[in-house]
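Report on the structure given below.
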Amino acid sequence: MHLNTIEMEILKLIENNGRIDVNDLSKMIDMPQEDLEATLKKLEEMKVIVRYMTIINWAKVDDYQGVTAMIDVKVTPKRGVGFDEVAKRIYRYKEVQSVYLMSGVYDLSVTVEAKSMNEVASFVSEKLSTLDSVLSTTTHFILKKYKHDGIIFEQGEEDKRIVVSP
C-alpha cells in the first residue's frame, strides 16, 4: 500500500505522541482539521493505524505484581500454511502479548505476561508445549526494562564530576 507524503508525516507524528491534539496536528502539517480527521479514519480503516497505546513503567507502581517472559519457540511448519497456523494458535492465548516470526535458531518469539513465574511455567508446560507443531521452547524472564519501543525508562542524571585517579 502506497501512502502519500502527508499521510507518512501524520504517521510519524502520531507514532511519537498518540495523544497529540487533532487541532495541533492539523496546524503542524498545515491541513484542515476535517481533512485530517478523514485521513486518520481512512488509515484506521485500512489497519495502517492499528491502535493508540500508552507505555507504562510498571516498575514505578508499588502494588503491581507481574512478570514478562520472552519465549523462543522452535516449531514444525505445516504444509501449505507454514508458520502462520501455529502462530495464530499461540497468539489466541490471553497471556500472549506478541508473536514474531524470527530468523535464526528459533522460529517464533512469544512475549507473555502473567502474575508470576509459576503462571508462565504453567502456560509453557500446559498450553504452549502441548501444541502439535511445537518442538521446543526456551523461556527468558525480563528482569528490568531499560528501553521499550524507543522510550528510555530510567534516565539518571549524568555524572558531571571530574574523574580523579592517583
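The values are calculated or read from the model by the stated rules, or taken from the named source; none is laboratory data. Keep in mind that what you see is a predicted model, and the values were worked out from it rather than measured. These accessible areas exclude ligands, DNA and RNA; they are computed on the full protein's heavy atoms, side chains included. Shrake-Rupley method; radii C 1.70, N 1.55, O 1.52, S 1.80 Å.
Among the listed pairs K47/K88; K12/K147; K47/K78; K94/K127, a Cα-Cα separation exceeding 21 Å is found for K47/K78.
Ignoring any ligand, DNA or RNA, what whole percent of the accessible area of the chain comes from carbon and sulfur when the probe is 1.4 angstrom? The partial results should precede the final answer.
Details: 6360 of 12710 Å².
Summing carbon and sulfur atoms, their accessible area is 50 percent of the total for the chain.
Taking a straight Cα-Cα cut-off under 17 Å and skipping sequence neighbours fewer than 8 places away in the same chain, the lysines within cross-link reach of K144 are K60, K115.
Taking the centroid of alpha carbons for each part, the stretch 1-58 and the stretch 127-150 are 32 Å apart. For the chain, the solvent-accessible area works out to 77 Å² per residue, with a probe of 1.4 Å and every protein chain left in place. If you take the square roots of the eigenvalues of the alpha-carbon gyration tensor of the stretch 7-112 and sort them as a ≥ b ≥ c, do you get rounded (a/c under 1.5), prolate (a/b over b/c) or oblate? Taking the square roots of the gyration eigenvalues as a ≥ b ≥ c, the stretch 7-112 is oblate. Given a 10 angstrom Cα cut-off, can you work out which residue in K47, K60, K88 is the most mobile in a GNM of the chain? Among K47, K60, K88, the largest GNM mean-square fluctuation belongs to K47.
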